[in-house]
Amino acid sequence: MMVFKPNNIKICIVSIILTLISDVSSMEDAGFCDLSGETCTTPANSDRYIFYDINPPEGFNLRRDVYMRYAIWLHKLQMNRNDLNLKNFKLVLPPWSHLYHWKYSEVPEHIPWALYFDIESLKKFAPVIEMHQFFSDYGVTYKKVEIDDVYILQHYQDMFETGKFKKVEIDDVYILQHYQDMFETGKFEEKMSIEDCNIPIRVNYFYYNNLTSNNVRCLSFHGHTSQLTSILKNSTASSFLFDHAEVALHDMFGDKLYWKCRRSMRFNRELHKIAKKFREEQLDADDKKDMTILPDDWRKEIPRRNAIGGPYLGIHLRRADFVRSRSKEIPTIENAVKQIKNKLYELKLNKVFIATDAPSNEIIEIQSRLEPEYTIITYKPEDWVGEKYKDGGIAIIEQIICSYARYFIGTYESTYSFRIQEEREILGFPVESTFNRLCYDGSESCSKPSIWKIVY
């Protein structure tokens, strides 16, 4: 039997009191909302969050590239052995909202990444979470609309009617902007400083009425994304938003770490299944015969150049705004057909798959200019695919189909084409079958796109 002496009793009492104080303190640090229910503050001494947002007019494929800059940064923070405090950060994935090229109005404003990407694959490279997970950490009341295990956040309707939104404040917001004098002097050096704002300030973020901040500053910036680490080190804040995140550059473009991140960005598995079925039924493709099978886990991929691809030519023909903005680089329909015809003849193929934003009359014109033995194939989604995945999902399916073609020809300076070229590098295609572009004059003598070979 244990006998308590007076001194031991005192020690026990003190220990119990300290434990109770510690418990109360940890409850406060956990980020509980105040009693009014109107404001949630960021939790202290626990997970910390990094948000990023991008100039609204930028498209889907540029946004994918900006994601990589910040995912690589977070990956490096996780690997940092010298500062354990920097390992607690999570990268909050910004929902897809109001993209310029997507024609939708009836869909929810906030489309989660899981609708388009394999989130578990992303997590194998960087500590990412969806926005609904962040809100869940803060106890914010949203309803989650489930679509085959994918969640879309929507406000409860009565919140719109009553205006009673639980406000979530991001601790520190930095709006990145370019140094004006750098463009005037041409002296580009890595630096950053808080300065007057030369771009508009947003007060609500990601189109959420209740996500805001009372601490917004403009950060003139030139340099690599990891330069922002000093901001994290010198702050006790738990949440940071870097607006106009595209201003920060890749730490190193095209190196081994870049390609690890890129390989982790696998599309939603169902989108791959839809594209695979289409390739098999419409384009006579067979992954085994075409040598285009990848392991389930991107970390098990190995260097190779033996992919053959399906028996069809893949074309990305960008029209719409490119016809105006890059009129001296984009071919006419006649010149595009000339190149398509020559390549089909050279490769002894009779099918061409075209991913394009061209109007239907231009597709008809392309077919009319080709000989009868050549068939143009475009992707026309079933109703359920369009309803579930919208324009973004349809564009991804077309990218996948182009990625698996025997030979690919893209459009000059299109990030859509760039992403297809990257996919083909991951699949292991020969370089000469991937880095090609449609020439303005219909020849094949124009300059090739930049060649960024995969690195393992």
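Spelling out what I want: for every residue of the range 267-276, take phi, set θ = phi - 60°, compute 6.51 cos²θ - 1.76 cosθ + 1.60 (Karplus), and round to whole Hz; glycine and proline get x.
6, 3, 4, 5, 4, 5, 5, 5, 5, 5
For M182 and E280, what is the calculated FRET efficiency with R₀ set at 60 Å and r taken between the beta-carbons, to the nearest 0.05?
Taking R0 as 60 Å, the efficiency between M182 and E280 is 0.70.
Let's test the formula: R0 of 30 Å, r as the Cβ-Cβ distance of D297 and M252. What FRET efficiency results, to the nearest 0.05?
The pair D297/M252 has a calculated efficiency of 0.80.
Karplus couplings for the range 348-356 from phi (6.51 cos²θ - 1.76 cosθ + 1.60, θ = phi - 60°), rounded to Hz, Gly and Pro as x?
These are the phi-based 3J(HN,Hα) values: 6, 10, 10, 10, 10, 9, 10, 9, 7 Hz.
With labels modelled as points extended 7 Å from the Cα through the Cβ direction, what inter-label distance (nm, one decimal) is found for R305 paired with D196?
Distance between the two pseudo-spin positions: 5.5 nm.
Once amide H atoms are placed 1.01 Å from N in the peptide plane, what residues at a sequence separation of 5 or more from L249, or on another chain, have their amide H within under 5 Å of its amide H?
Distant-sequence amide H within range of L249: G223, H224, T225.
Report the gain in length on full extension from S46 to I451: 0.36 nm times residue separation, minus Cα-Cα distance, nm rounded to one decimal.
141.5 nm
Extension gain T332-K380, at 0.36 nm per residue separation less the Cα-Cα distance, in nm?
Full extension from T332 to K380 adds 14.9 nm.
Would you mind ranking L249, L313 so that the residue whose beta carbon has the fewest other beta carbons within 10 Å leads the list?
Ascending number of Cβ neighbours within 10 Å: L249, L313.
With a cut-off of 14 Å, note down the residues of the range 307-346 whose backbone N falls inside the zone around a label point 7 Å from the Cα of D287 toward its beta carbon.
309-310
Quick check on the exposure proxy: order E346, E413 from fewest to most C-beta atoms within 10 angstrom.
Ascending number of Cβ neighbours within 10 Å: E346, E413.
Cut-off is 10 Å between beta-carbons; in what order do M265, M182 appear when sorted fewest neighbours first?
M182, M265
Along the Cα→Cβ direction, 7 angstrom out, place labels at D391 and K124. What is the inter-label distance in nm?
Each label point is offset 7 Å from its Cα along the Cβ direction, giving 3.2 nm.
What does the net charge come to around D321 if you take all other residues with beta carbon closer than 14 Å to its beta carbon, with K and R at +1 and D and E at -1?
Spelling it out: positives minus negatives among the neighbours equals +1.
FYI, it's all coordinate maths here, none of it is from the lab. As the structure is a computational prediction, the values presented were derived from the model and not from experiment. Neighbour counts are summed over all protein chains in view; Cβ atoms, including those assigned to glycine, are modelled from backbone coordinates with ideal geometry.
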